[in-house]
Amino acid sequence: MKMLKTFRAVILGAPGSGKGTISARIVRRFDMVHVSSGDLLRRSIVEGSKVGLEAKKYIDGGQLVPDEIIFNVITSELGKHSKENWLLDGFPRTRNQAEQLFSKEPVSVAINLIVPFEIIIERIKGRWVHLPSGRVYNTDFNAPKVPGKDDITGEPLVQRKDDQPEAVQKRLEVYENTFRPILDFYRSKGILEEFKGKTSDEIWPYVFKFLSSHITPEIEESSKN
Ligand code: G5P
Ligand code: MG
């Protein structure tokens, strides 16, 4: 792997594979900023911005938003973190996005999470999110301390519109049709690292060990969450 001054990672995987969950663990232990394309889009929907209104048409049905919209959102967010290490979650979703990103911001590593689809469909049913922060809960796996409330702010949690069964089906279909060229791209650059498992707890120690060999952890791994 190329060692660059700043450490830049992307985290890939099917909808519900645990990108948000693993990302939260990474940024708790390593000096990295978590940038999630889905969280940014959902926040712009809540704000009622032009981008949000446009993106909503695609997101609710489980379709990808057009490249020009997402490029603007991501470019402006990464611009705020130009001197920091970042972890990009949910971008790229197409080979074109992967190539465009690489031409602007050489990525140090692409982490790919591999989780069986039948497991994903079950866990998405129990997902609750805190929209302002992007914090993710699950009624079975990591339930909030108080049902329906965010642990930190106490604000209400919501279920995502695109977590309805039809939209989930569509998202998995879109993923099936788009992920291979992205993996091929990162494989061709020699920076693809794949992690396979049925649970985030099973996958996490390997991700932690891998990252620790490239970037010094601020907090050693001692607890599971
Ligand atoms: P997003 O927001 O990027 P997805 O579909 O890629 O959405 P998603 O659904 O956010 O990914 P995740 O982050 O991979 O899933 O998974 P997660 O939230 O961590 O975990 C899922 C659930 O399982 C949670 O409830 C979690 O607590 C639980 N969980 C985790 N691990 C375990 C476990 O081990 N066991 C159990 N039981 N549960 C567990 O994108 C949304 C939309 O935005 C647009 C598209 O429309 C997209 O559909 N978009 C883009 N469009 C174009 N280009 C882009 N680059 C785009 N980015 C976003
Ligand atoms: Mg997510």
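Throughout, read-outs are computed from the coordinates displayed, never taken from laboratory work. Just so you know, these numbers come straight off a predicted model, no measurement behind them. Here the Cβ positions follow ideal geometry from the backbone for every residue, glycine too, while neighbour counts run over all protein chains shown.
Quick notes
- The set of residues from the stretch 61-92 being under 24 Å from Glu176 (Cβ atoms) and within 16 Å of ligand 2 (Cβ to nearest atom) comprises Gly62, Leu64, Val65, Ile70, Ile74, Leu88, Asp89, Gly90, Phe91, Pro92.
- A Cβ distance below 9 Å, combined with a sequence gap of six or more or placement on separate chains, defines the contacts here; from the stretch 121-137, residues that are farther than 14 Å from Gly148 by Cα reach residues that are of a type in the set (S, T, N, Q) and part of a loop (DSSP other than H, G, I, E, B) in the pairs Lys125/Thr139; Pro132/Thr153; Ser133/Thr153.
- Boolean, Ser200 is in contact with a Leu (Cβ under 9 Å, 6 or more places away or on another chain) and not hydrophobic (A, V, I, L, M, F, W, C): yes
- Scan of the stretch 66-117 for residues that are over 25 Å from Ala55 (Cα atoms) and not polar (S, T, N, Q), ordered by number: Lys83, Glu84, Pro106, Val107, Val109, Ala110, Ile111, Leu113, Ile114, Val115, Pro116, Phe117
- Given (1) surrounded by fewer than 19 Cβ atoms within 10 Å (Cβ to Cβ); (2) touching a residue at least 40 places away in the same chain (Cβ under 8 Å); (3) more than 13 Å from ligand 1 (Cβ to nearest atom); (4) of a type in the set (A, V, I, L, M, F, W, C), number of the condition Phe179 does not satisfy: (3)
- Among the candidates Ile74, Ile45, Ile22, the residue that is of a type outside the set (S, T, N, Q) and either out of contact with any strand residue (DSSP E or B) (no Cβ under 9 Å at 6 or more places or on another chain) or part of a strand (DSSP E or B) (or both) is uniquely Ile45.
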